[in-house]
Amino acid sequence: MTFVYPQLFWAMAIPLIAFTFFILTHQDTFLQVFDKKVLARLTAGDDSLPLVMRNLLMIIAILLMMVALARPVIDNGERVVQLEGLSAVVALDISGSMRAKDIYPNRLEFAKTKIVSLLEEMQSDELSLIAFAHSSFILAPFSSDKATLQQIIEGVNDEYINMSSTDFTALGNFTVELLAKKEPKILIVFSDGGDKEDIAKFAKIIKDEKIALYVVLLGSKEGAPVIGVDGKPMNQNGKIAITQRNDALGEVALNNNGAFIVANTGTTGIKELVATIKSHHQNKEQGEVKIHDTEELFYYPLGFGLFLLLLSFISLPRFKEIFDKQGIK
């Protein structure tokens, strides 16, 4: 058995020794330090257990609680834990079309809620978050800390939106770098689609690098007005600019060992997508960590100490007095 915080025990040992000496001897010095009323509470009465016994129980109780504070443990040594799961890049489209309001409240905010659902479904997996429009950048490196990843994705707001056109070629090249040392290589894209010619170049990169692509498509086929920075629909050649969902990105996913869904208000879509990802790929070891296998023992001295402390304060009537009152000799 060892102690995690032995220094706490020794730091409190000297005050306990002094307290024990004073409370057992009742020397004048002790009377000068404490008020008489306080001293009476510390020493308790002698109407039940003998005074010395009550004080001794109190001191033993404090000693046991000091032992508990030092945190006794049984150290079973180091244990190696293997971390398993999938590694994947999650890419969020932040192009200007993501302000469109054909899904509530707009495509960007709706995509964020779907990514949060994805994080909840992939608890044991290692994910990296990136954002892309004309260029791509990392929001969060590979991590299994889903709470932190959720905070990061929820922090993406309208200020991130880039009114430049979406460059899927840049996304493909950036993903290749991020997944260079990962196996299998998995990319999950949340987007409303893009230019047909640009998607064709993206498809070639995905195929050449053997990246499994999964897509969550956002928006409607009918489309909605493109919203500008001022919150108003944008005009193009005297007409309101309309952005429509391009399902061609989903076709690229199907052709590259992946799958796609059209995002809806329910939760089944993301669950089904994650189930598909899991069925396509086996979990890979992400590494190992060494942990100390310890068994906590502090609750034993703490519990016994509290019991003795309670016993030292309880006033138990003397049996003789009970017998006298009932006329028992």
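Its Cα gyration tensor gives the range 171-212 an equivalent ellipsoid; the semi-axes, largest first and in whole Å, are 19, 11, 8.
Could you tell me which of the pairs K101/K239; K201/K278; K182/K278; K146/K181 are separated by over 24 angstrom between their Cα atoms in the structure shown? Table pairs above 24 Å Cα-Cα are K201/K278.
A cut-off of 5 Å between modelled amide H atoms, ignoring neighbours fewer than 5 places along the same chain, links L139 with L129, I130, A131. Would you mind classifying the range 129-225 by shape? Square roots of the alpha carbon gyration tensor eigenvalues, ordered a ≥ b ≥ c; an a/c under 1.5 is rounded, otherwise it is prolate if a/b is larger than b/c and oblate if not. Oblate, because a/c is 1.5 or more while a/b does not exceed b/c. Computed from backbone phi, the HN-Hα couplings of the range 181-196 come to 9, 9, 8, x, 9, 10, 10, 10, 10, 10, 7, 9, x, x, 5, 4 Hz, rounded to whole numbers (Karplus: 6.51 cos²θ - 1.76 cosθ + 1.60, θ = phi - 60°; Gly and Pro given as x). Among R107, R79, R71, the ranking by other beta carbons within 10 Å of each residue's beta carbon, starting with the fewest, stands as R79, R71, R107.
Each of I205, I17 has some number of other Cβ atoms within 10 Å of its Cβ, and from fewest to most they run I17, I205. Between D293 and M53, the contour length at 0.36 nm per residue exceeds the Cα-Cα span by 82.4 nm. Here, the range 82-287 is characterised by an Rg to Rh ratio of 0.95, where Rg is the alpha-carbon radius of gyration and Rh the Kirkwood radius.
Relative to its residue count, the range 96-141 spans a Cα convex hull of 68 Å³ per residue. Taking the range 136-177 and a reference point 7 angstrom along Cα→Cβ of V229, the backbone N atoms nearer than 17 Å belong to 157-165. A straight line joining the Cα centroids of the range 131-169 and the range 217-239 runs 21 Å. Stretching Q150 away from E177 to a fully extended chain increases their span by 7.4 nm, per 0.36 nm per residue minus the current alpha-carbon distance.
Exposure proxy for T268, T2, T113: other Cβ atoms within 10 Å of each Cβ, ordered fewest to most, give T268, T2, T113. For the range 6-19, 3J(HN,Hα) computed residue by residue from phi via the Karplus equation (6.51, -1.76, 1.60; θ = phi - 60°) reads x, 5, 5, 5, 5, 5, 9, 5, 5, x, 5, 4, 5, 4 Hz, glycine and proline entered as x. Sequence-ordered 3J(HN,Hα) estimates for the range 214-226 from the Karplus curve with 6.51, -1.76 and 1.60 and θ = phi - 60° stand at 10, 10, 10, 7, 10, x, 10, 5, 5, x, 7, x, 6 Hz, glycine and proline given as x.
Every number in this text was worked out from the coordinates using simple rules, so none of it is lab data. The model shown is predicted, which means the values in this text are computed figures rather than measured ones. Note that we place each Cβ from the backbone using ideal geometry, even for glycine, and neighbour counts take in every protein chain shown.
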